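Novice: This structure is in structure tokens; I'll ask about it shortly.
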Amino acid sequence: MYMSHIDHIGFAVRSIEESRKYYENVLGLECYKIEEVPDQKVKTAFFKIGHTKIELLEATDPESPVAKFIEKKGPGFHHIAYFVDNVNEALMIAEDRDCQLIDKRYRKGADGMDIGFIHPKSSDGILTEFCSNKFVL
């Protein structure tokens, strides 16, 4: 598995509209995309800083994983995403190395990415995402 860089860092927020004020007005970053990902019951907003993105995640359903995360832990750091050549291959390697997976195969995520997650139980409590836009099956 080849990881070229940290693609993005995700933050769970109660409201993108409220939270984006900090990133725009204080940090001077520009929100380049807001989109909803219905199957994940989340709305996302993206900011770019260098080669890394900041992703804000707002739940669109009280039963969504992001809503449950905020209910349990409050808003804040949610996950880190590593850019890989092939999400399916990265997930298989992680599973072969005794990681508990959330996803056995890639799924479509925000910002045109294929994504897959490792469960935080396998990574010292940190939700880990592999992502790629190379469209390798």
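The values are calculated or read from the model by the stated rules, or taken from the named source; none is laboratory data. From a predicted model like this one, the values you see are computed outputs, not experimental measurements. So basically every Cβ, Gly included, is an ideal-geometry build from the backbone, and we count neighbours across all protein chains shown. The accessibility values were calculated without ligands, DNA or RNA, using every heavy atom of the protein model including side chains. Shrake-Rupley method; radii C 1.70, N 1.55, O 1.52, S 1.80 Å.
Novice: Of all residues being in a helix (DSSP H, G or I) and not β-branched (Val, Ile, Thr) in segment 35-67, which is least open to solvent (accessible area, probe 1.4 Å)? Just the residue, please. Break it down stepwise before answering.
Specialist: Narrowing segment 35-67 to residues in a helix (DSSP H, G or I): 38-40, 65-67.
Those still in the list that are not β-branched (Val, Ile, Thr) too: 38-40, 65, 67.
On the way: Pro38: 94, Asp39: 107, Gln40: 38, Pro65: 91, Ala67: 21 Å².
Among them, the one singled out is Ala67.
Novice: Here's a follow-up. Would you pick out the residues in segment 114-124 that are surrounded by 17 or more Cβ atoms within 10 Å (Cβ to Cβ) and under 13 Å from the mean Cα position of the chain (by Cα)?
Specialist: Asp114, Ile115, Gly116, Phe117, Ile118
Novice: Could I ask something else about it? Take the residues of segment 4-31 that are open to solvent by 90 Å² or more (accessible area, probe 1.4 Å) and either hydrophobic (A, V, I, L, M, F, W, C) or touching a helix residue (DSSP H, G or I) at 6+ places or on another chain (Cβ under 9 Å) (or both): which is farthest from Asn133 (Cα to Cα)?
Specialist: Val26
Novice: Cβ-Cβ under 6 Å, sequence separation 6+ or interchain: first residue in segment 51-67 and closer than 12 Å to Glu35 by Cα, partner of a type in the set (Lys, Arg) and crowded, with 19+ Cβ neighbours inside 10 Å. Which pairs?
Specialist: What qualifies is Glu58/Lys43; Thr60/Lys43.
Novice: Still on this structure, I have one more. Is it the case that Glu95 is over 11 Å from the mean Cα position of the chain (by Cα), at pLDDT 95 or above, of a type outside the set (Phe, Trp, Tyr) and part of a strand (DSSP E or B)? Show your work before the answer.
Specialist: Working: over 11 Å from the mean Cα position of the chain (by Cα): yes; at pLDDT 95 or above: yes; of a type outside the set (Phe, Trp, Tyr): yes; part of a strand (DSSP E or B): no.
The answer is no for Glu95.
Novice: Right, something else. For segment 44-73, name all the residues that are out of contact with any Asp or Glu (no Cβ under 8 Å at 6 or more places or on another chain) and not charged (D, E, K, R).
Specialist: Within segment 44-73, Ile49, Gly50, His51, Ile54, Leu56, Leu57, Ala59, Pro62, Ser64, Pro65, Phe69, Ile70 qualify.
Novice: Quick one: would you say Asp111 is among the charged types (D, E, K, R), closer than 20 Å to Pro38 by Cα, surrounded by fewer than 21 Cβ atoms within 10 Å (Cβ to Cβ) and touching a Ser or Thr at 6+ places or on another chain (Cβ under 8 Å)?
Specialist: The answer is yes for Asp111.
Novice: Let me ask something else about it. So is Ile70 more than 22 Å from Lys134 (Cα to Cα), among the β-branched types (Val, Ile, Thr) and open to solvent by less than 40 Å² (accessible area, probe 1.4 Å) or not?
Specialist: For Ile70, the condition - more than 22 Å from Lys134 (Cα to Cα), among the β-branched types (Val, Ile, Thr) and open to solvent by less than 40 Å² (accessible area, probe 1.4 Å) - is met.
Novice: Then there is this: Considering only segment 85-108, I want to know if a residue exists there that is touching a helix residue (DSSP H, G or I) at 6+ places or on another chain (Cβ under 8 Å), surrounded by 19 or more Cβ atoms within 10 Å (Cβ to Cβ) and farther than 17 Å from Met3 by Cβ.
Specialist: No, there is no match, as no residue in segment 85-108 is touching a helix residue (DSSP H, G or I) at 6+ places or on another chain (Cβ under 8 Å), surrounded by 19 or more Cβ atoms within 10 Å (Cβ to Cβ) and farther than 17 Å from Met3 by Cβ.
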